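The values are calculated or read from the model by the stated rules, or taken from the named source; none is laboratory data. Here the structure is a predicted model, which means the values were calculated and not measured. Heads up, the Cβs are rebuilt from the backbone with ideal geometry, glycines too, and the neighbour counts pull from every protein chain shown. Surface areas here come from the heavy atoms of the whole protein model, side chains and all, with no ligands, DNA or RNA. Shrake-Rupley method; radii C 1.70, N 1.55, O 1.52, S 1.80 Å.
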Amino acid sequence: MQPITITKENFDAEVLQARGTVLLDFWATWCGPCRMLSPIVDQVAAEHADLKVGKVNVDEQPELASQFNVMSIPTLIVFKDGQKVNESVGLIPKESVEALL
């Protein structure tokens, strides 16, 4: 599944009300490690049809970053049936992204 852009306007519908697993990638355009993690997240999204992947630009969505205490990026947060179940901060390999799920 192709990653979708998550905003404060669509967060409830796309994440909290979603059935199954949602992986959120908190990132920014100026963040080097974010740019390195992004293709890994895209690859995981492509390989897991049942997974919804959302990307949150922290510069454009500071309220969401604040809501989840995102202090460093990249940050990955995993939700299952609307509940936060896992989190990772920093650049991690694909195997570690999959282990979060």
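The set of residues in segment 17-53 that are touching a Lys or Arg at 6+ places or on another chain (Cβ under 7 Å), surrounded by 18 or more Cβ atoms within 10 Å (Cβ to Cβ) and in a helix (DSSP H, G or I) comprises Ile40, Val44. Scanning segment 56-91 for residues that are over 17 Å from Ala28 (Cβ atoms) and touching a strand residue (DSSP E or B) at 6+ places or on another chain (Cβ under 9 Å) gives Val78, Phe79, Lys80, Asp81, Gly82, Lys84, Val85, Asn86, Glu87. Sub-7 Å Cβ pairs linking a first residue in segment 27-53 that is closer than 14 Å to Val97 by Cβ to a second residue that is of a type in the set (Ser, Thr, Tyr), at least 6 apart or interchain, are Trp27/Ser38; Leu51/Thr21, ordered by first then second residue. Considering segment 54-89, and only residues there that are within 12 Å of the chain's Cα centre (by Cα) and assigned to a helix (DSSP H, G or I), the residue that is surrounded by the most Cβ atoms within 10 Å (Cβ to Cβ) turns out to be Leu64. Evaluated against (1) open to solvent by 30 Å² or more (accessible area, probe 1.4 Å); (2) part of a helix (DSSP H, G or I); (3) in contact with a Lys or Arg (Cβ under 9 Å, 6 or more places away or on another chain); (4) farther than 12 Å from Pro74 by Cβ, Asp12 falls short on exactly one condition, (3). Taking segment 90-101 as the range and being part of a helix (DSSP H, G or I), among the aliphatic types (A, V, I, L, M) and surrounded by 14 or more Cβ atoms within 10 Å (Cβ to Cβ) as the test, the residues that pass are Val97, Leu100.
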